[in-house]
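What follows is calculated from the coordinates using simple rules that are stated; it is not laboratory data. Computed from a prediction, not measured in an experiment: that's the story for all the values here. Here the Cβ positions follow ideal geometry from the backbone for every residue, glycine too, while neighbour counts run over all protein chains shown.
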Amino acid sequence: MATQNIAGVNIDVNDEGYLNDPSQWTKEVAIEIAKEEGIELTDKHFEVLEFLRDENEKSSTLTIRKVGKSGIVDIKGLYDLFPGGPLKKSSRIAGIPKPSSCV
Amino acid sequence: MKKILILGGGTGGTIMANKLRSALEREEWEITVVDQFKTHYYQPGFLFIPFGIYNKNDVIKPKSDFFPPGVKVIFSKIEMIEGKKNQVTLENGKILKYDFLIIATGTQTFPEETPGLKEDLWYKEIFDFYTIEGAIALRNFFKTWKGGRLVLNIAELPFKCPVAPLEFVFLADAHFHSLGIRDKVEITYVTPLPGAFTKPRATKMLSGLLEEKNINVIPEFYLERVDNKEKKIISYDGQEVQFDVLTIVPVNMGNEVIERSGMGDDLNFIPTDKHTLRSEEFENVFVLGDASNIPTSKAGAVVHFGADVLFENLMSAIEGRPLIAKFDGHANCYIETGFGKGSIIDFNYDTEPLAGTFPLPGIGPFGLLQNTKFNHYGKVIFRWIYWHILLRGKELPIGPDMSMAGKKL
């Protein structure tokens, strides 16, 4: 575990830069992390992030398909918003754990 | 008369029917199994059919051979499950009431979910090996194939038996070697996962084997569609992979009755308590195996271990006691690696596959995360064990909980 100063606040993150505690997340934190990923956040991004945080709260397993059926974006749209590993990047920016694909 | 209703007469439903019938008084409990199909397939055997190692007769038996006397069996489609009314409606409108329900309706492949998959080239140059039809069609294709680009692609997670696609490419490597045309066959493994497998140590071992066998791996490829004219698969982020023959693991989803009944998640898998195996929605409904959404492999081994836990908890529920048996997500997979060798992995929710010996600590005879001849014999013998011991709900010398004994950290 490490502490990182993001947007002026000390945040607990793991080795891969995912927040350990989703409640430490703020919009400012999201904007900073997104910058590291090379993404500038729009309202559409935030809609996806809120959806991910809600689903995570319900402790449901997140998949790209589920986001695609959310009514916010389709799968292609999700790739456009978070290019290259959309679920991993969006989860990191949303301050929730890295999605674990089941085996 | 009290009633237990079991939906699905596959591996899970059959094991439960056997266990429950020997435990419960016939005068007190009526046990009914509903399934739409009469044939029981030994699904681990499908993998061997494309390479001519098994044929159809090696993997089929009538389901009715495996149900014990005193269990009522109805062959019918299921129209609706109504948990609030404790009843299930069959296709012909007949209503079955229950005191306890076990749902073991499994997972199926849905190639229609991917645009272009089930079109012109389906069963001509595009095949699956998760159905008997697909496995046999691929067998016939390989008989006259002279070589080219063989691509294996996994369309979506989760899917049944996560090691099967790896075994497929390992066996393909060995098969084309023995035909003397391996140098004319380019094998590519295309997966949405970041590597060969999800668990780090197993991925390391399996990646080594893939490299040794000259099999290309393309990770993080999430299939959008198949182009039948240009013969290529295309991912959502625009990657393209050309094929001459495509072996696909189609999107896996739970049975459609789960969707009709409004009981499933976005892939029609039923939200289930991963420790007690009870439905999260209804107290008198249990879910076994692939039909559930528990975060472990969709595989027969998991069903077998889960059945022990479900049985204990169902007996507790019948007697009004708390559910104390806890499933740990135990999975145990043989991995055929070709040339008469195999590997074994053993893991659960919390522990990734580790090296060691299995099932006897320090002795084996199987070597975990190793590539040995003995492991292959285990896979060969397992078919007999499946038909004669496992389906009949008899004891095997491996308990439901994963053991750390014999494993190296």
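Key figures
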quantity	calculated
Reachable lysines, given that their alpha-carbon falls under 18 Å from the alpha-carbon of B:K408 and they are not under 8 places away in the same chain	B:K199, B:K204
Principal axis dimensions, the protein assembly as shown - Cα atoms, whole angstrom, descending	70, 58, 52
Net charge contributed by nearby residues that have their C-beta within less than 10 Å of B:P162 (K/R +1, D/E -1)	+3
Residues of segment B:96-132 with amide N under 18 Å of a point placed 7 Å along Cα→Cβ from B:R260	B:96-98, B:102-110
Fewest-first ranking of B:H376, B:H177, using other Cβ atoms within 10 Å as the exposure measure	B:H177, B:H376
Computed lengthening from B:S64 to B:K229, 0.36 nm per intervening residue step minus Cα-Cα distance	54.9 nm
Chain B: Cα Rg divided by the 2.2 N^0.38 Å rule of thumb	0.99
For segment B:281-372, average projected area of the Cα convex hull in nm²	7.3
Volume of the Cα convex hull of segment B:48-185, divided per residue and given in Å³	170
Amide proton proximity set for B:F366, modelled H, under 5 Å, gap of 5+	B:F358, B:L360
Net charge of neighbours whose Cβ lies under 10 Å from the Cβ of B:N86, counting Lys and Arg as +1 and Asp and Glu as -1	+2
From phi via Karplus (6.51, -1.76, 1.60), per-residue ³J(HN,Hα) for segment B:214-228 in Hz, x at Gly/Pro	6, 9, 6, 10, 10, x, 6, 10, 10, 5, 9, 7, 10, 9, 6
Cα centroid separation - segment B:343-382 against segment A:12-67, whole Å	39
Cross-link reach list, lysines versus B:K94, counting only Cα pairs under 19 Å and skipping chain neighbours closer than eight places	B:K2, B:K3, B:K72, B:K77, B:K84, B:K85
Segment B:1-79: GluC sites (Glu not before Pro) in DSSP loop, at most 16 other beta carbons within 10 Å	B:E25, B:E27, B:E28
Global form of segment B:111-236, assessed from the alpha-carbon gyration tensor, a/c cut-off 1.5	oblate
Residue list for segment A:1-29, given a label point 7 angstrom along the Cα-to-Cβ vector of A:R53 and an amide N cut-off under 17 Å	A:6-13, A:18-29
Gyration tensor (alpha-carbon) shape descriptor, segment A:2-93, a/c threshold 1.5	prolate
Assigned charges on the beta-carbon of Lys, Arg, Asp, Glu; segment B:14-91 dipole about Cα centre (debye)	180
Check: the protein assembly as shown dipole with +1 on Lys, Arg Cβ and -1 on Asp, Glu Cβ, in debye	1900
Segment B:1-92: proportion of alpha-carbon pairs further apart than 17 angstrom, %	56
Straight-distance crosslink candidates among lysines, where the alpha carbon sits under 18 Å from A:K69 and sequence neighbours closer than 8 are dropped	A:K44, A:K58, A:K88
Cα gyration tensor shape for segment B:341-408, rounded if a/c is under 1.5, else prolate or oblate	oblate
In order through segment B:304-312: 3J(HN,Hα) via Karplus (6.51 cos²θ - 1.76 cosθ + 1.60), integer Hz, x for Gly, Pro	4, 5, x, 4, 4, 5, 4, 4, 4
Percentage, to the nearest whole number, of Cα pairs in segment B:106-156 over 12 Å apart	69
Percent of C-alpha pairs per 5 Å bin, segment A:41-103, short to long	4, 19, 36, 28, 11, 1, 0
Check: segment A:1-55 dipole with +1 on Lys, Arg Cβ and -1 on Asp, Glu Cβ, in debye	140
